[in-house]
Amino acid sequence: GFSWLTLSLRVGKGCIFLAQVVLGWILTDEDFGVFAIAASVIGFIKVFHDGGVPQVLVQRGDAEFKRLQGAAFWIAMTVSLLAGIVLAGVAPWIASVYGDRRLTAVLWVLAVSLPLGAPANVLRARLQLDLRFRIISMIAAGRFIIRSVGMVILALLGFGVMSFVLPLLIVAVFENMATFLATRSHPWK
């Protein structure tokens with residue numbers, strides 16, 4: 001498991017590094033500045049984004065997973081949705097504080113990505129309990145590759161600072177599909 005996770009982290013960090021180098025040639029300093037502000041805001045919000053539900057599922061173990069997965073899914077979705085709503089609500093205020101309207105749209109995309117990522121977080125707990133670290137690592141590597149390639153393509157197409165965040169929506173859909181296909185679990189039932 002450690003080897004697979006290490007490999008996926010190396011692939012991921014390499015992809016992100018290369019993407020950042022390319023983005024440095026394409027995007028402006030202001031784009032990076034807006035993204036840095038958004039990253040600091042989302043770093044704070046992400047603390048609350050799933051309510052710690054996946055960790056509880058892993059801690060409780062395999063015996064209780066089936067019994068708890070439905071409630072855990074809906075709690076994670078609710079907390080993520082609330083975090084997204086709060087972030088979307090404060091986005092215009094944050095943008096006005098920093099004096100950059102682009103920050104509103106960036107934060108709105110990040111707000112949408114929060115509840116989109118909740119199903120994969122719960123399903124990933126199932127994979128962890130099953131010790132399927134190879135699958136977890138492959139999904140993580142896919143996430144890094146999709147995000148990196150997406151950022152570069154969008155930057156080349158002229159999306160500016162939105163190039164950093166729009167790929168997160170595709171990543172969330174990818175992770176949801178990949179974790180569902182790997183687990184065949186239906187926690188929303």
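The values are calculated or read from the model by the stated rules, or taken from the named source; none is laboratory data. Only a predicted model underlies this, so the values are computations on that prediction, with no experimental measurement involved. Backbone-built Cβ (ideal geometry, glycine too); neighbour counts: all protein chains shown. For accessibility, only protein heavy atoms count, side chains too; no ligands or nucleic acids. Shrake-Rupley method; radii C 1.70, N 1.55, O 1.52, S 1.80 Å.
Comparison of ARG126, ARG143 shows that the only residue that is within 12 Å of the chain's Cα centre (by Cα) and of a type in the set (Lys, Arg) is ARG143.
Number of residues in the range 110-136 that are open to solvent by 20 Å² or more (accessible area, probe 1.4 Å), out of contact with any Phe, Trp or Tyr (no Cβ under 8 Å at 6 or more places or on another chain) and of a type in the set (A, V, I, L, M): the value is 4.
If you go through the range 86-101 one residue at a time, do you hit one that is assigned to a helix (DSSP H, G or I) and touching a residue at least 60 places away in the same chain (Cβ under 8 Å)? Working first, answer last.
Going through the range 86-101, the residues assigned to a helix (DSSP H, G or I) turn out to be 86-98.
Checking the rest, the ones that are also touching a residue at least 60 places away in the same chain (Cβ under 8 Å) come to 98.
Within the range 86-101, one or more residues are assigned to a helix (DSSP H, G or I) and touching a residue at least 60 places away in the same chain (Cβ under 8 Å).
Can you say whether GLN20 is of a type outside the set (Lys, Arg), under 22 Å from ALA120 (Cα atoms) and surrounded by fewer than 16 Cβ atoms within 10 Å (Cβ to Cβ), as far as the supplied structure shows? I'd like the intermediate steps shown before the answer.
Values: of a type outside the set (Lys, Arg): yes; under 22 Å from ALA120 (Cα atoms): no; surrounded by fewer than 16 Cβ atoms within 10 Å (Cβ to Cβ): yes.
So GLN20 fails the test.
Considering (1) under 15 Å from SER185 (Cα atoms); (2) touching a helix residue (DSSP H, G or I) at 6+ places or on another chain (Cβ under 8 Å); (3) open to solvent by less than 60 Å² (accessible area, probe 1.4 Å), the lone condition that ASP62 does not fulfil carries the number (3). Against the list (1) open to solvent by less than 70 Å² (accessible area, probe 1.4 Å); (2) outside any helix (DSSP H, G or I); (3) not hydroxyl-bearing (Ser, Thr, Tyr), the condition ILE139 fails is (2). Any chance the range 151-171 includes a residue that's crowded, with 20+ Cβ neighbours inside 10 Å, touching a Pro at 6+ places or on another chain (Cβ under 6 Å) and over 11 Å from ALA120 (Cβ atoms)? There is at least one residue in the range 151-171 that is crowded, with 20+ Cβ neighbours inside 10 Å, touching a Pro at 6+ places or on another chain (Cβ under 6 Å) and over 11 Å from ALA120 (Cβ atoms). Quick check: anything in the range 102-125 farther than 22 Å from LEU18 by Cβ and not in a helix (DSSP H, G or I)? Checked against the condition, which is being farther than 22 Å from LEU18 by Cβ and not in a helix (DSSP H, G or I), the range 102-125 yields no hits at all.
Could you tell me which of the residues VAL171, VAL152 is touching a residue at least 60 places away in the same chain (Cβ under 8 Å), in a helix (DSSP H, G or I) and in contact with a helix residue (DSSP H, G or I) (Cβ under 6 Å, 6 or more places away or on another chain)? Before you say what the answer is, go through the steps one by one.
On the way: VAL171 fails: touching a residue at least 60 places away in the same chain (Cβ under 8 Å).
Exactly one of VAL171, VAL152 is touching a residue at least 60 places away in the same chain (Cβ under 8 Å), in a helix (DSSP H, G or I) and in contact with a helix residue (DSSP H, G or I) (Cβ under 6 Å, 6 or more places away or on another chain), namely VAL152.
Could we say that GLY43 is surrounded by fewer than 18 Cβ atoms within 10 Å (Cβ to Cβ) and within 19 Å of ARG126 (Cβ to Cβ) here? In short, no.
Among the residues of the range 155-168, count how many are part of a helix (DSSP H, G or I) and over 14 Å from the mean Cα position of the chain (by Cα).
Within the range 155-168, the subset part of a helix (DSSP H, G or I) is 155-156, 162-168.
So of that shortlist, the ones also over 14 Å from the mean Cα position of the chain (by Cα) come out as 155-156, 162-163.
Number of matching residues: 4.
Mind checking whether some residue in the range 66-85 is open to solvent by 90 Å² or more (accessible area, probe 1.4 Å), modelled with pLDDT under 85 and more than 19 Å from PHE180 (Cβ to Cβ)? Yes, some residue in the range 66-85 is open to solvent by 90 Å² or more (accessible area, probe 1.4 Å), modelled with pLDDT under 85 and more than 19 Å from PHE180 (Cβ to Cβ).
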